[in-house]
Amino acid sequence: MTARSYEVRTYGCQMNVHDSERLSGLLEEAGYVRAPKGEPADVVVFNTCAVRENADNKLYGNLGHLAPAKAERPGMQIAVGGCLAQKDRDTIVRKAPWVDVVFGTHNVGSLPVLLERARVEQEAQVEILESLDVFPSTLPTRRESAYAAWVAISVGCNNTCTFCIVPALRGKEKDRRPGDVLAEIETLVGEGVIEVTLLGQNVNAYGSDMGDREAFSKLLRSCGRIDGLERVRFTSPHPRDFTDDVIAAMAETPNVMHQLHMPLQSGSDTMLRAMRRSYRQDRYLGIIERVRAAMPDAAISTDIIVGFPGETDEDFEQTLHTVREARFAAAFTFQYSKRPGTPAATMDGQVPKEVVTERYQRLLALQEEISWAENRTQVGRTLEVLVAEGEGRKDHDTARLSGRAPDNRLVHFEHPADGVRPGDMVSVEITYAAPHHLLAERPPLAIRRTRAGDAWERRTATPAPSPGVLLGMPSIGAPVTVGAPTATAGCCD
């Protein structure tokens, strides 16, 4: 009997990308195989996002495109999970009755059972839990990278930002025990992983579940004692919980990278208050100042929302002022859109679309100028780059390779005469800077073959189907839209 094939389509933030790795692992443990790229799958799983106004339109459009294919293929199944499934529940089956399974953010592990039940009973299965039944990290995983991995340290969020529906869909924050986190990292390192990104909806609030305000900085320092772990990152922190002990841990732990993604959202105190963000401009800029005092080479990126309800010209000018003062390496900028079910969606003072668009373009132009200037400071420097797979979209045309510098900047470099593999390290001299990448136009000065490169080589020794979800580390660069194959930075922060 031929194994049934599957495809997972992912929308949204890093947490969804990581959940999709779990979904793939569960399906493969149940006997499914990944469908080759471009070929129809027997089971198509949508892992959805609910943080955009048109998220549901995009989902139903995609479901509509699949309806004829399903009608022509007896036995094909469609499943919908993630945040939009948690929010809309029975609405999905009512609007798209050809969907077989709907599951929520709290019961990812139920997917194989629900698919089988739907097949046997010949009717849609809808299972939405109100709280987490199993911590996702205990589930099987099909990781998309041999050299870099996400590691969830918490799920859920205790904040009440007025633009965000995530706490209602992901639930209250639940922390993993430090020993469990470190054990997972040690296992990954044993498999060849050399870079991990600690992941949480509000990653630096880690420890609130355990009554230890310094639990996150302690976790970072513990990561520094894991032999073979070369790079540690985390995303996304909240300014409210960003404390000096975390700055010290970043500065003093050699394998914790000097890279920080710190969502700003707005530079206006009035807007921050309306957003129910528990910090103000002065506090935010104070954190940036202390980070740079401890780590002058730190690359700092952020999230900014333009056109939040009630935003005036003066409020927007305060955002521009904050951007000039902070000098972000990159900013993920978003035009405000109503998230159904959030307090902001019904607030007075909704800003006209044309005003939002004009402000957005001004912010983009300013940040582009700053990003380019910040990147030009890297010209002439020698950087050690972790060679990546799939980071450079034009690598094939330019005969170059791509990877990430320690501060997560994207670097394109000349393909060396000696073989180099994803997961290996190359030392390159930066010769040119663009707003969203760096370029090394001469051959690498040195190549360091790593265990991670060995792991990549083992994984690719036997040809495997191409992945449906591309997993890279959170990128410093141009904004990423929800629904793109790479992860969206900070959409829930």
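The values are calculated or read from the model by the stated rules, or taken from the named source; none is laboratory data. None of these values were measured; they are calculated from a predicted model. No Cβ is skipped: glycine too gets one built from the backbone with ideal geometry, and neighbour counts run over all protein chains shown. Please note that ligands, DNA and RNA were not included when accessible areas were found on the heavy atoms of the full protein model with its side chains. Shrake-Rupley method; radii C 1.70, N 1.55, O 1.52, S 1.80 Å.
At a Förster distance of 45 Å, what's the computed FRET efficiency of ARG89 paired with GLU441, Cβ-Cβ distance as r, to 0.05?
Plugging the Cβ-Cβ distance into 1/(1 + (r/R0)^6) gives 0.25.
Using a cut-off of 13 Å between beta-carbons, work out the net charge of the residues near PRO36 (Lys and Arg +1, Asp and Glu -1, PRO36 not included).
Summing Lys and Arg as +1 and Asp and Glu as -1 gives -1.
Restricting to the chain, compute how many DSSP beta bridges are antiparallel as a %, nearest 5.
Percentage antiparallel, nearest 5: 30.
For the chain, give the percent of accessible area contributed by carbon and sulfur heavy atoms, probe 1.4 Å, rounded to a whole number.
The computed percentage sits at 50.
Measuring with a 1.4 Å probe in the full set of protein chains, what accessible area per residue, in whole Å², belongs to the chain?
Per residue, the chain has 41 Å² of solvent-accessible surface.
Report the FRET efficiency, 1/(1 + (r/R0)^6), for ASP397 and ARG73, where r is their Cβ-Cβ distance and R0 is 45 Å, rounded to 0.05.
Efficiency at R0 = 45 Å is approximately 0.80.
What is the distance in Å between the Cα centres of segment 369-392 and segment 189-230?
Centre-to-centre distance over Cα atoms comes out at 25 Å.
What number, in percent, do you get for the relative contact order of the chain if the mean sequence gap of Cα pairs under 8 Å and at least 6 apart is divided by its residue count?
It rounds to 15 percent for the chain.
Using label points projected 7 Å from each Cα along Cα→Cβ, tell me how many nm separate HIS321 and ALA30, to one decimal.
Between HIS321 and ALA30, the label points sit 5.5 nm apart.
Taking R0 as 35 Å, what FRET efficiency do you get between VAL379 and ARG213 from their Cβ-Cβ distance, rounded to the nearest 0.05?
With R0 = 35 Å, the Cβ-Cβ based efficiency is 0.30.
Determine the calculated [θ] at 222 nm for the chain from helices alone, applying -39500 (n - 2.57) to every DSSP H run no shorter than 4 residues and normalising by the residue count; nearest 500 deg cm²/dmol. Mind showing how you got there, number by number?
Details: 15 runs with 166 residues, N = 493.
The helix-only estimate for the chain comes to -10000 deg cm²/dmol at 222 nm.
Setting aside same-chain residues fewer than 8 positions from LYS37, which lysines have a Cα under 27 Å from its Cα?
LYS37 reaches LYS58, LYS70, LYS394.
Using 0.36 nm per residue of separation minus the Cα-Cα distance, give me the extension gain between GLU186 and VAL355 in nm, one decimal.
Details: separation 169, 0.36 × 169 = 60.84 nm, distance 5.03 nm.
Roughly 55.8 nm would be gained on extension.
Under 14 Å Cα to Cα from LYS338, which aspartates and glutamates show up? Leave out anything in the same chain fewer than 8 places away.
Excluding near neighbours in sequence, the set is GLU53, ASP56, ASP348.
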